[in-house]
Amino acid sequence: MSDYDFDVIVIGAGPGGYVAAIRAAQIGLKTACAESRATLGGTCLNVGCIPSKAMLHASELYHEAASGQLAK
């Protein structure tokens, strides 16, 4: 097991989390940000409540279904 030494550990890289991590690092704190997803920004930014992102996600799924990629 590895040992780490951080001043701040931010849990979640949604809109508040990644801004908190950036700000902590800017003021000189040794900062870690833990996120369970592969992308930063949270649900709203990537697939959720921002309508353009939801439409992009839906169109991507449609393309996968129409091309047979969902069956793979």
### Query
Gaussian network model of the chain, Cα springs within a sub-10 Å range: biggest mean-square fluctuation belongs to which of Gly12, Gly41, Gly28?
Gly28
### Query
With axes computed from alpha carbons, what is the tilt in degrees of helix 15-26 against the longest principal axis of the chain, rounded to the nearest 10 within 0 to 90?
40
### Task
Towards the positive end of the charge dipole of the chain, with charges on Cβ (+1 Lys, Arg; -1 Asp, Glu), say which of Ala13, Asn46, Cys33 has the farthest Cα.
Asn46
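For a footprinting-style exposure proxy, rank Val10, Val47, Val19 by other Cβ within 10 Å, fewest first.
Ranking Val10, Val47, Val19 by Cβ neighbours within 10 Å, fewest first, gives Val19, Val47, Val10.
For the chain, which chymotrypsin sites (Phe, Trp or Tyr not before Pro) are both in a DSSP coil and crowded by at most 10 other Cβ atoms within 10 Å?
Of the chymotrypsin sites (Phe, Trp or Tyr not before Pro), the ones in loops of the chain whose Cβ has at most 10 other Cβ atoms within 10 Å are Tyr4.
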### Query
Along the Cα-to-C-beta direction of Tyr4, a point sits 7 Å from the Cα; which residues of the stretch 27-46 have their amide N less than 20 Å from that point?
27-42
### Query
Where is the GNM fluctuation largest for the chain (alpha-carbon springs, 10 angstrom cutoff): Ala38, Ala24, Ala13?
Ala38
### In Hz, Karplus ³J(HN,Hα) per residue of the stretch 30-35 (6.51, -1.76, 1.60; θ = phi - 60°; x = Gly, Pro)
6, 10, 10, 10, 9, 9
### Hydrodynamic radius by Kirkwood, which averages 1/r over all alpha carbon pairs of the stretch 1-40, in angstrom
10.5
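None of the figures in this text is laboratory data; all of them are computed from the coordinates on show. Just so it is clear, the structure is predicted and the values come from calculations on it, not from any experiment. Don't worry about glycine lacking a Cβ; one is built from the backbone with ideal geometry, like all the others, and counts go over all protein chains shown.
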